[in-house]
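Worksheet: the structure to be examined is printed underneath.
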Amino acid sequence: MTDFDNDPKPIKTTANELNKDVIKNTVSRRSAIKSGLALMGGTAIAASTGKIANANTPDPLITEVQDWNRYLGDGVDARPYGMPSQFEKDAVRRDVAWLTADAKSSVNFTPLHKLEGVITPNGLCFERHHGGIAEINPTDHRLMINGLVDTPLVFTLEDLKRFPRENKVYFLECAANSGMEWRGAQLNGCQFTHGMVHNVMYTGVPLKYLLAEAGVKTAGKWVLPEGGDASHMTRSIPLEKCLDDCLVATHMNGEALRPEQGYPMRLVVPGWEGNMWVKWLRRIEIGDKPWHQREETSKYTDLLEDGLARRFTWVMDVKSVITNPSPQAPINHGKGHTVLSGLAWSGHGKVKRVDVSIDGGRNWKPARLDGPSWSRSVHRFYYDFNWDGSEMFLQSRAVDEFGHVQPTKDALRAERGVNSIYHNNSIQTWHIKPDGSAENVEVS
Amino acid sequence: MSKLKQPFGFAIFKAAPLLLLIFGSNALFANDVEKGEKLYRQCAGCHQVGPGASHAFGPQLNGVMERVAAKVEGYDFSSAFTDAMAPDVKWNASSLSAFLESPMTNIPGTKMAFPGVKSEDDRASIIAYLAAVDVDGKLATTAEAAISADESNTEKQPRVLAADVEIPTHGVFHLGRVALAEEVAAWDIDVRPDGEGLPKGSGDAVAGGIIYDAQCAACHGDFGEGTGRWPVLAGGLGTLTDERPEKTIGSYWPYLSTVYDYVRRAMPFGNARSLSDDDVYSVTAYLMYLNDLVDEDFELTSDNFVEFRLPNEENFITDNRSEEPYFSGAVEPCMTDCIPGVATVSQRARVLDVTPDQN
């Protein structure tokens, strides 16, 4: 229902209070050796206290036998469906209560700062519902194809599993991801600014097989997927996209879809805004024109500064964010060698390159892409460097295989104003302070 | 909204062992509790239930059948409600059922701006569910056990021989079955701007106003102005270039068909598909009236529907993001000395401090 168009008023600050020298990325070989020696000499900053620990005192965690070294743990049946360690309680989805009117039509956010690699664990994939989570017994679920087809059909989940299926990794990003940041820095943490994205391996049936089974008539140009939840979610999708790479997925990361992700089946629309990936998919209609449903008129249209609004803005543009360090994941180890890490993705295809700046966009260095590089999947990047302990303004800038460059916030605002809500793919800045803490800021 | 002057008199019963009184068998009881839990979701937006439930717009209802109705710690009832209830009276099945049929007519002035549950069976199910929730928000164990027993009671089917299965003739893989016309009709409810999909029927703004007041106004406001963060439906004309645009049906939405389609498929929130096609015509007509598009006596029909245009239709354009300069891909991004001077902070998240507490 409610979307993110009522963001609170930003308060402008005058800027110069934190104007300090930016550090240089290059650290001399000599100072690198020195800092290495310092560590070996036994000093390190304890994160919680900020005190210097003395490694000349033997560590009791090493010299004494601990409970878990001595006593037996749980047996195999204690955790029939394994959950994360009790020490990972912070790695959870979180919501921003003031954003929406009711939890049943709301959103929560993936804890990007707690994750590594490119795959989002199923329990941490952000949620966006418009009528709560439909709990559907798969034997009670039906998928209908109707409209401009030769034979309107009904499939069960068992029918679906008899079609040829594929495994593909795709990101899903809500069009409103980073939507709160149009008017300025608002939320402290990449979970909240960028956490409406997840990246999952789907097992599913190419939609083109289902359409062929029903036989699309030549007049058919548009497809309307519909959900079986209490919002009966609908979107108009051009037929070409459906014949290209859309899937009807039954599994995510190897297991059945989670209820909050559309169990028993959802639509996968690679590279396009998450709202179109209809969950609890129960019907696919073929027509000759778009339907102009609520979610493609009242919502998910991008209001520009001149009062015109773009519609059918489907593709999620090239984007990246530094996940560590970030406001929820400060640097706790003091100066010295560190690893900056982040995610990049593009709805157009593969990410070709990610550049990182530590001085607020003055100078850029290519980051190291690591892990698989799949089209319309999240890419992991790293930037390894020595931090000299002075403040930094961290930014990342992704470039995709077609040369699309992630824009600055100012560039995007110059084109669109600040009331678009959706499709904010601009460059994010984290201010790293001399104590290692981080804040969401904008720089000039 | 019609208002009855008649005061709402409750008979004072002792809240006896309700569960046993009302329900003969465990299975019947479980069905009612389970159904009641589903029906209750339309109430849950205002009334929390379950472990840790707290007061929201309405009081939390853990163990509601066991407590004094108009005196709940930490909740400020309307004076209308406290006046209507005897000081020590507790709810019982019949008094609660009578109240829930139409809260606003039974106790004019109650905060409970809810149209009521018209079906007596549905009310009984909701009350069975509430009666099964104890003061700690736990569902009574007998109820849980009965529900699970009910669920496990599935029949075992003999397996069919593979060779006996008939393969359909349609399609490529011959999978699925042909959808029946009645099935397509039941689900194919979408309506397009050109009127395709509109059901035959009609409704006027006056009738729509009555439905709206009872079923929509609690969230969307008496005049479509929206309560809390629920969507604003009316007004906002000419604000799209303002600093704070108000995007309503009248000011923003391009097509009237979207109103009909969406109300029919998703509203009222928590009770979707409960309005008749004519009701939806009425509500759509009333929303047109709230947006000053028609007069109060206006009737919207399947015949005149496509004549109406919303004011903002012409201001929607197709996606032209690719024309924005940084999309060209022609220029390699700058790598060194891209901006003169050192970076200075121009905006800080901490100033606003709207980040949720994470502890």
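The values are calculated or read from the model by the stated rules, or taken from the named source; none is laboratory data. Here the structure is a predicted model, which means the values were calculated and not measured. As a convention, Cβ positions derive from the backbone with ideal geometry for all residues, glycine included, and neighbour counts pool all protein chains shown.
Observations, loosely collected:
- Total residues in segment B:220-235, condition assigned to a loop (DSSP other than H, G, I, E, B) and more than 7 Å from every other protein chain (Cβ to nearest Cβ): 11
- Residue count for segment A:366-402, restricted to those that are on the phi > 0 side of the Ramachandran plot, in contact with a strand residue (DSSP E or B) (Cβ under 8 Å, 6 or more places away or on another chain) and not basic (Lys, Arg): 1.
- Inter-residue pairs, beta-carbon under 6 Å, first buried (at least 18 other Cβ atoms within 10 Å of the Cβ) and in segment A:385-399, second aromatic (Phe, Trp, Tyr) and part of a strand (DSSP E or B), 6+ apart: A:394/A:430
- Residues of segment A:350-373 classified as under 22 Å from the mean Cα position of the chain (by Cα) and either surrounded by fewer than 19 Cβ atoms within 10 Å (Cβ to Cβ) or of a type in the set (Lys, Arg) (or both), total: 10
- For residue B:179, the stated conditions do not hold, so it cannot be described as modelled with pLDDT under 80 and either of a type in the set (Phe, Trp, Tyr) or buried (at least 17 other Cβ atoms within 10 Å of the Cβ) (or both).
- Of the residues making up segment A:60-70, none is within 23 Å of the chain's Cα centre (by Cα), at pLDDT 90 or above and charged (D, E, K, R).
- Total residues in segment B:236-249 satisfying the condition of being in contact (Cβ under 8 Å) with a residue 24 or more places away in the chain, surrounded by fewer than 23 Cβ atoms within 10 Å (Cβ to Cβ) and either more than 7 Å from every other protein chain (Cβ to nearest Cβ) or among the small types (Gly, Ala, Ser) (or both): the figure is 1.
- A single entry from B:310, B:293, B:287, B:300 fulfils the requirement of being under 41 Å from the mean Cα position of the chain (by Cα), more than 7 Å from chain A (Cβ to nearest Cβ), in a strand (DSSP E or B) and surrounded by 16 or more Cβ atoms within 10 Å (Cβ to Cβ): B:300.
- Among the residues examined, residue A:114 does not qualify as more than 26 Å from residue A:277 (Cβ to Cβ) and within 14 Å of another protein chain (Cβ to nearest Cβ).
- Enumerated strands (runs of 3 or more DSSP E) restricted to segment A:100-192, each holding at least 3 residues that are surrounded by 22 or more Cβ atoms within 10 Å (Cβ to Cβ) and in contact with a strand residue (DSSP E or B) (Cβ under 9 Å, 6 or more places away or on another chain): A:143-147, A:166-173
- Taken together, the residues in segment B:217-235 that are more than 15 Å from the chain's Cα centre (by Cα) and either outside the structural domain of residue B:311 (by TED's automatic domain parsing) or surrounded by fewer than 22 Cβ atoms within 10 Å (Cβ to Cβ) (or both) amount to 4.
- First in segment A:364-376 and farther than 21 Å from residue A:394 by Cβ, second anywhere and part of a strand (DSSP E or B), Cβ under 6 Å, 6 or more apart: A:373/A:379; A:374/A:169; A:375/A:349; A:376/A:170
- Taken over segment B:245-274, the criterion of being over 15 Å from residue B:234 (Cα atoms) and in a loop (DSSP other than H, G, I, E, B) is satisfied by B:267, B:268, B:269, B:270, B:271, B:272, B:273, B:274.
- Screening segment A:337-423 for strands (runs of 3 or more DSSP E) wholly inside it with 2 or more residues that are closer than 30 Å to residue A:306 by Cα, touching a Lys or Arg at 6+ places or on another chain (Cβ under 9 Å) and more than 9 Å from chain B (Cβ to nearest Cβ) returns no ranges.
- Taking segment B:321-339 as the range and being modelled with pLDDT of 95 or more and loosely packed, with under 11 Cβ neighbours inside 10 Å as the test, the residues that pass are B:336, B:337.
- Only a single item in (1) at pLDDT below 85; (2) within 14 Å of chain A (Cβ to nearest Cβ); (3) surrounded by 19 or more Cβ atoms within 10 Å (Cβ to Cβ) is not met by residue B:47, and it is number (1).
- Residues in segment A:246-293 that are in a helix (DSSP H, G or I) and polar (S, T, N, Q) were compared, and the one that is nearest to the other protein chains (Cβ to nearest Cβ) is A:275.
- Test: residue in segment A:156-173 that is of a type outside the set (S, T, N, Q), within 14 Å of chain B (Cβ to nearest Cβ) and touching a Phe, Trp or Tyr at 6+ places or on another chain (Cβ under 6 Å): yes
- Of the residues making up segment B:326-345, none is over 30 Å from residue A:363 (Cβ atoms) and of a type in the set (A, V, I, L, M, F, W, C).
- The residues of segment B:174-218 include none that are within 23 Å of residue B:274 (Cα to Cα), at the interface with chain A (Cβ under 7 Å from one of its Cβ atoms), touching a Phe, Trp or Tyr at 6+ places or on another chain (Cβ under 9 Å) and not in a loop (DSSP other than H, G, I, E, B).
- Residues that are touching a Ser or Thr at 6+ places or on another chain (Cβ under 6 Å) and hydroxyl-bearing (Ser, Thr, Tyr) do occur in segment A:391-405, at least one of them.
- Where a residue in segment A:330-341 is farther than 11 Å from residue A:435 by Cβ and its partner, wherever it lies, is in a loop (DSSP other than H, G, I, E, B) and of a type in the set (Val, Ile, Thr), with Cβ under 7 Å and at least six apart: A:338/A:331
- Inside segment B:160-173, residues that are more than 8 Å from every other protein chain (Cβ to nearest Cβ) and assigned to a loop (DSSP other than H, G, I, E, B) make up a count of 7.
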